[in-house]
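Scroll down for the structure; my scribbles are underneath it.
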Amino acid sequence: MSANPLNRSRTLVHLPLVLLALAFLFPLIWLVLTSLQPREQVGKIPPEWLPRRHFIEENGHEIFVTPPEAVGSDKVLVLVEEGIDRGNRVLIPAAAFSDGRAALQRQEADQLVEERVRAKLVQSVPKNYVFVKEWHLSKYDKRPARGLYVTPESVKVRVEPVAGNYGESIRSLTAGEDDKALGLGELVARTSFPWTERSSPGHTITFITYLSNTMLVALLSVIGTTLSSAWVAYGLSRVVWKGREALFGMTLATMMIPFPVLMVPLYSVFRALGWVGTLMPLWVPSFFGSAFSIFLLRQFFLTLPKELSEAARIDGCSEFQIFWRVILPLAKPALSVVALFQFLFVYNDFLGPLIFLTEPDTFTMALGLQQYQSQEGGSEWHLLMAASCMLSAPVIALFFFTQRTFIQGISTTGMKG
Amino acid sequence: MSTQNDLKNGLIFSSPWLIGSVVFLGYPLAAALYYSFTDYSVLLPPVFVGVENYIELFQDELAYKSLYNTVVFAFGSVVLSLFTSLVLALLLNNQIRGITLYRTVFFLPSLMPMVASSILWMWMYSGEGGIINTALAAVGIDGPAWLADPQWAKSAIIIMAAWGAGHAMVIFLAGLQDVPTSLYEAAIIDGAGFWQRLFHVTLPTISPVIFFNLLMGFIGGFQVFTQAFVMTGGSGAPEQSTLFYVLQLYNVGFNDLRMGYACAMAWVLFIIIFCLTMVVMRLSKRFVSYDR
């Protein structure tokens with residue numbers, strides 16, 4: 001007899017599961033696909049799934065071009081040899097060009113002026129031709145993009161991701177407008193880090209700055225929380241003393257205080273300390289323990305047999321030695337859960353950085369991305385998606401490496417509640 | 001002598017937390033209460049004004065609006081997310097092949113940093129040419145303008161919250177796996193069908209976990225901030241339909257620099273969450289069976 005709670009037919013369960021899995025994956029797939037599309041494809045109505053690129057062949061080389069635009073009617077491309085437009089290539093109706101002279105129309109004040117100037121035929125453009133422009137990855141690329149009139153058949157389309165969007169989004173997230181034109185390599189070389197002296201010349205705030213800020217805060221607060229919470233949890237579980245239960249009760253109660261309630265006074269405390277605008281408000285408090293981590297670790301320490309401590313005590317170990325040599329090594333699974341959760345919390349935190357980080361050179365990745373998004377306001381979606389991918393990638397990678405710890409950790413928090 | 005030594009050790013080990021909880025929790029909580037009775041801009045010392053902030057707060061239409069939005073969001077997201085995560089967990093609790101793969105797929109979205117997922121959903125919700133409305137159009141539904149429509153903006157954020165139901169699902173799954181198989185065996189012998197087993201065995205047994213997720217959902221729901229801040233640039237647009245309580249608190253405190261007023265809002269939030277927790281705990285005592 002099956003002990004399965006809902007089992008009627010196991011294969012039948014896969015149908016809703018597959019549908020739901022597709023629904024959950026759909027946004028992630030769209031995220032990645034958009035991040036790989038060329039900018040001309042993003043925002044098309046109706047949307048297109050796969051990144052597609054247009055290209056033409058010229059002298060045996062492929063060059064990427066923008067999506068073709070129809071010319072419409074018979075035209076000629078001429079090189080103007082006199083007048084204001086001298087030296088320019090102009091596309092005019094075929095009828096406007098005869099005997100080496102082109103009739104150019106120009107808006108002058110509020111009337112249309114027509115003049116016939118000497119011009120040389122460059123190319124005749126039949127009405128079935130299309131116009132394409134040379135495609136550059138970066139909008140900061142200063143090279144001129146040539147316009148070309150070609151037959152529709154010569155413009156080919158291929159499904160090909162634009163991986164360069166990722167580099168381009170790093171460039172876009174650079175704080176200084178002038179620095180965005182720099183090459184990627186130079187940007188990285190000139191990146192300011194948390195330990196770079198503020199406003200030192202030749203440095204610039206880039207995505208890498210935000211990344212290193214986030215990683216520094218995460219690292220420090222993971223170390224801080226894990227060590228201090230284990231230390232406190234030890235006192236709350238392996239040492240018998242008056243007031244222990246009261247303190248533990250208080251610890252549980254503090255978990256109910258929402259951060260938004262504390263943020264104004266915390267801001268004024270950190271302001272008085274001169275920490276606003278530095279990374280310190282985000283990691284220093286973690287060295288004093290966190291209620292949630294203390295709770296998790298205490299529950300774990302309680303499961304370790306008392307005899308361990310007693311034996312160590314008989315061997316002459318001090319309380320500190322028992323903590324460090326006996327208990328901590330046994331608590332690795334619980335410690336890794338605490339470290340993992342703290343990392344996630346700090347990495348994903350937004351409200352804390354928003355309040356305490358006032359200087360762009362201290363922004364974390366989440367804050368830097370939000371600031372960029374609010375400036376761009378609903379354009380450049382391919383770059384926003386690429387940056388969002390880069391922001392999410394570390395946590396997702398972390399999940400794949402520590403899946404078991406993750407699932408176990410989350411499961412225990414629910415069960416102990 | 002030994003107990004005195006233990007007391008000393010206990011205090012030594014607890015000292016970081018004793019200091020930390022006073023400096024980073026106790027003091028700010030008390031200070032917030034004090035500031036709530038003052039006019040305070042951070043730049044100047046607080047000036048005592050009595051209950052003025054609270055009187056103003058109870059007449060503040062924006063505050064009511066933000067509270068209303070928050071309550072709608074909290075209830076909506078708790079109901080939808082709890083239902084989604086429970087259904088996912090029940091489906092996965094079938095000893096089926098590929099459970100790890102499914103679990104990963106459902107769990108991944110809940111890991112995404114909120115800023116990244118907010119930007120992603122903004123892009124998906126975008127009115128013309130948005131992928132969601134295109135998908136809806138494909139099945140003949142004329143989708144709303146979502147984040148640009150005051151009627152739909154909150155729903156849009158609630159749906160996005162349900163996408164992160166994977167976290168609660170993992171907790172449910174752990175609870176389901178703890179249900180003793182003997183209970184099911186007994187139920188089957190008694191002739192209980194699928195739905196009877198679900199409502200009379202499964203759900204009552206995992207009721208502590210349901211209440212845990214419910215409570216966490218409410219507490220989190222009342223603090224909703226990042227999504228709305230990212231999606232509306234902090235304004236709570238359109239027509240203040242996504243102006244949530246903490247967003248308004250942030251705006252009042254850190255944009256208008258009316259920190260005293262913000263603290264009054266903060267304390268009201270604290271009391272609301274406190275009462276809500278008490279209510280849920282009460283309910284859980286009545287409905288939850290803790291005996292296994």
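A short reminder: the numbers here are calculations on the coordinates, not readings from a lab. A quick note: this is a predicted structure, and the numbers were derived from the prediction, not measured. Every residue, glycine as well, gets a Cβ built from its backbone with ideal geometry; the counts of neighbours run over all protein chains shown.
Miscellaneous remarks
- Candidate lysines for bridging to A:Lys306, where Cα separation is under 27 Å - those fewer than 8 sequence places away on the same chain excluded: A:Lys242, A:Lys332, A:Lys416, B:Lys8
- Lys, Arg +1 and Asp, Glu -1 on Cβ, resulting dipole of chain B about Cα centre, debye, nearest 20: 780 debye
- Dimensionless Rg over Rh [the protein assembly as shown; C-alpha; Kirkwood]: 1.06
- Cα-based helix-to-principal-axis angle, A:381-401 vs chain A, degrees rounded to 10: 30 degrees
- Couplings 3J(HN,Hα) for the stretch A:118-126, derived from phi with the Karplus relation 6.51 cos²θ - 1.76 cosθ + 1.60 (θ = phi - 60°), are 5, 8, 10, 5, 9, 7, 8, 10, x Hz, where x marks Gly and Pro.
- Highest-fluctuation residue, A:Phe300, A:Phe26, A:Phe207 considered, GNM on chain A with Cα pairs under 10 Å: A:Phe26
- For A:Arg101, the residues 5 or more places off, or on other chains, whose built amide H falls under 5 Å of its own are A:Ala119.
- 0 to 90° range, to nearest 10: angle between helix A:291-303 axis and chain A longest Cα axis: 50 degrees
- Counted charge near B:Arg103, where neighbours are those whose Cβ lies closer than 13 Å (Asp, Glu -1; Lys, Arg +1): +2
- Ranking B:Ile273, B:Leu283, B:Val230 by Cα position along the charge dipole of the stretch B:225-292, where only Lys, Arg, Asp and Glu carry charges on their C-beta atoms, puts B:Leu283 farthest toward the positive end.
- P(r) for the stretch A:2-115, from all Cα pairs and a bin width of 10 Å, is 10, 19, 18, 18, 13, 8, 6, 5, 3, 0 %, short bins first.
- Taking 24 Å as the straight-line reach from the Cα of B:Lys65, the lysines in range (excluding those fewer than 8 positions away in the same chain) are B:Lys154.
- The ellipsoid equivalent to the alpha-carbon distribution of the stretch B:60-212 has semi-axes of 35, 19, 15 angstrom, derived from the gyration tensor eigenvalues as √(5λ) and listed largest first.
- With Cα atoms as the point set, chain A shows a radius of gyration and Dmax of 31.9, 112 Å.
- Kirkwood Rh, angstrom, the stretch B:182-284 [1 / mean 1/r, Cα pairs]: 16.8 Å
- Computed on chain B, with alpha-carbon pairs under 8 angstrom and 6+ residues apart, the relative contact order is 30 percent.
- For A:Thr204, distant residues with modelled amide H under 5 Å away: A:Thr191, A:Ser192
- Dimensionless Rg/Rh of chain B - Kirkwood Rh, Rg from C-alpha atoms: 1.05
- Span-like helix check, chain B: qualifying full DSSP H segments, with Cα axial length of 15 Å or more and mean Kyte-Doolittle of 1.0 or more, are B:61-92, B:99-111, B:114-125, B:153-163, B:166-177, B:207-222, B:259-287.
- Reach of A:Lys127 by Cα under 20 Å, taken over lysines that are not fewer than 8 positions away in the same chain: A:Lys75, A:Lys156
- Set of the stretch B:242-278 residues, backbone N closer than 15 Å to the point 7 Å along the Cα-Cβ line of A:Ala253: B:271, B:274-275, B:278
- Just so you know, the averaged projected area of the alpha carbon convex hull for the stretch A:218-259 sits at 3.5 nm².
- In this structure, the amide hydrogen of A:Glu58, modeled 1.01 Å from its nitrogen in the peptide plane, lies closer than 5 angstrom to those of A:Ile63, counting only residues at least 5 positions away or on a different chain.
- With Cα atoms, 0 to 90° folded angle of helix A:10-35 axis to chain A main axis: 60 degrees
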